[in-house]
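Notes to accompany the following structure.
The numbers here are math on the coordinates, done by the rules we state, and not lab data. These numbers come from a predicted model, not from an experiment. Every residue, glycine among them, receives a Cβ derived from its backbone with ideal geometry; neighbour counts consider all protein chains shown.
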Amino acid sequence: MAKIDFDASDFLSKVEGAIKRAEDVARQGVKQIADEVLRLSQFEVPHDTGLLQNSGHVEPDGEIDQIVGYNKVYAARLHENPQYNFQKGRKGKYLEDPIKNNLGVFQKYMVDLMKGAF
């Protein structure tokens, strides 16, 4: 009878490094996409005095996730009621639409980033 030993310690140590790299790349990619959503939403967010537009921000939400939002008490009302008659071609759904309209681009960007991580 033959005995075969397999030492997987080197492999497992490299897997841990790959996971760390993938997490770092994912974190950077999600942040870049969140920044792009904010940038795109700036062309659509209702603009009267500029207070709502200037309140736009991106902030971390856990290890990888990001939150894109606007910090005025009326921001959600304006976002969720697109029937308002906004000026200068501005509109409701100013966060949702840039995500929907660019989802394929964002997904491809993340796939390409993750391929590079490995």
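Listed values, structure above:
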read-out	value
Top-ranked residue of the stretch 45-60 - restricted to ones that are in contact with a strand residue (DSSP E or B) (Cβ under 7 Å, 6 or more places away or on another chain) and without any contact (Cβ under 8 Å) to a residue 40 or more places away in the chain, ranked as nearest to Ala26 (Cα to Cα)	Pro60
Matching residues, the stretch 1-42, being among the aliphatic types (A, V, I, L, M) and more than 20 Å from Leu113 (Cβ to Cβ)	Met1, Ala2, Ile4, Ala8, Leu12
Those residues of the stretch 91-107 which are basic (Lys, Arg) and over 13 Å from the mean Cα position of the chain (by Cα), in sequence order	Lys91, Lys93
Residues that are surrounded by fewer than 11 Cβ atoms within 10 Å (Cβ to Cβ) and more than 18 Å from the chain's Cα centre (by Cα), drawn from the stretch 47-76	Thr49, Gly50, Val73
Test: Glu63 is assigned to a loop (DSSP other than H, G, I, E, B) and closer than 30 Å to Asp24 by Cα	yes
Test: His79 is surrounded by 17 or more Cβ atoms within 10 Å (Cβ to Cβ) and in a loop (DSSP other than H, G, I, E, B)	no
Any hit, the stretch 101-112, residues being in a helix (DSSP H, G or I), hydroxyl-bearing (Ser, Thr, Tyr) and either surrounded by 15 or more Cβ atoms within 10 Å (Cβ to Cβ) or without any contact (Cβ under 8 Å) to a residue 12 or more places away in the chain (or both)	yes
Residue pairs meeting the criteria (Cβ under 9 Å; at least 6 apart or on separate chains; first aromatic (Phe, Trp, Tyr), in the stretch 26-44; second assigned to a helix (DSSP H, G or I))	Phe43/Pro98
